[in-house]
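The block underneath contains the structure these notes are about, expressed in structure tokens.
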Amino acid sequence: MGAVKGAVLSLLLDAYQRRDKIGMITFRGSGAAVALPPTSSVEAGAARLEKLPTGGRTPLAAGLLQAHEVLRLERLRDPSRRPLLVVVTDGRATGGPEPLVRATRAARMLAGEGTASVVVDCESGPVRLGLAGELGRELRGPVVTLDELRADSVSALVRTVTNTNSRRAA
């Protein structure tokens, strides 16, 4: 989790330098919540990140749907902004009936609207199911593993995905 938090902090700093906004949605237990509404404040993001709980059940569909709603509202506030969704997950979906099917539908909805996405695969251990990779394919975005992720490469990854999505939208 230290690598994940370091990567997200790097995103915060990059967003601040580019005058972008960043928000955080947590999905654990039985639902999803906006942990940080979109902001350009590195301090607010870092403080929320420090307190971020981990582990437990993963209602992935709820998290993706909450992200969809936050991005929808941000598009209304400022249609010129290009959103980038970064999903940090092992891809295992829980909660409610057919959680993986619901997560796949939510991912396809986001991709269909042209939301640029990156999946950070935090699956670990000897048994790996590759579900984060499947989520990345549904979101039509790259998947990076924690082993591949380095704080200094996060900014480059964000720029690459954002530029690719801008070309698709044109």
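The values are calculated or read from the model by the stated rules, or taken from the named source; none is laboratory data. These figures come from a predicted structure and were not determined experimentally. Virtual Cβ from ideal backbone geometry, glycine too; neighbours counted across all protein chains shown. Side chains included, ligands, DNA and RNA excluded: accessible areas come from the protein's heavy atoms. Shrake-Rupley method; radii C 1.70, N 1.55, O 1.52, S 1.80 Å.
Among the residues examined, Ala103 qualifies as of a type outside the set (Asp, Glu), open to solvent by less than 30 Å² (accessible area, probe 1.4 Å) and at pLDDT 90 or above. Identify the residue in the range 50-107 that is touching a residue at least 40 places away in the same chain (Cβ under 8 Å) and small (Gly, Ala, Ser) and, among all such residues, is nearest to Asp20 (Cα to Cα). Ranking the candidates gives Ala67 first. Scanning the range 108-141 for residues that are of a type in the set (A, V, I, L, M, F, W, C), within 24 Å of Arg82 (Cβ to Cβ) and either open to solvent by less than 20 Å² (accessible area, probe 1.4 Å) or in contact (Cβ under 8 Å) with a residue 60 or more places away in the chain (or both) yields Leu110, Ala111, Ala116, Val118, Val119, Val120, Ala132, Leu135, Leu139. Applying the set (1) open to solvent by less than 40 Å² (accessible area, probe 1.4 Å); (2) over 22 Å from Ser124 (Cβ atoms); (3) in a helix (DSSP H, G or I) to Gln66 leaves exactly one unmet item: (1). Could you go through the range 46-55 and let me know if any residue there is surrounded by fewer than 21 Cβ atoms within 10 Å (Cβ to Cβ) and either in contact with a Phe, Trp or Tyr (Cβ under 6 Å, 6 or more places away or on another chain) or among the polar types (S, T, N, Q) (or both). Scanning the range 46-55 turns up at least one residue that is surrounded by fewer than 21 Cβ atoms within 10 Å (Cβ to Cβ) and either in contact with a Phe, Trp or Tyr (Cβ under 6 Å, 6 or more places away or on another chain) or among the polar types (S, T, N, Q) (or both).
With respect to Leu36, is the statement that it is over 21 Å from Val143 (Cβ atoms) and open to solvent by less than 50 Å² (accessible area, probe 1.4 Å) true? Against the criterion (over 21 Å from Val143 (Cβ atoms) and open to solvent by less than 50 Å² (accessible area, probe 1.4 Å)), Leu36 qualifies.
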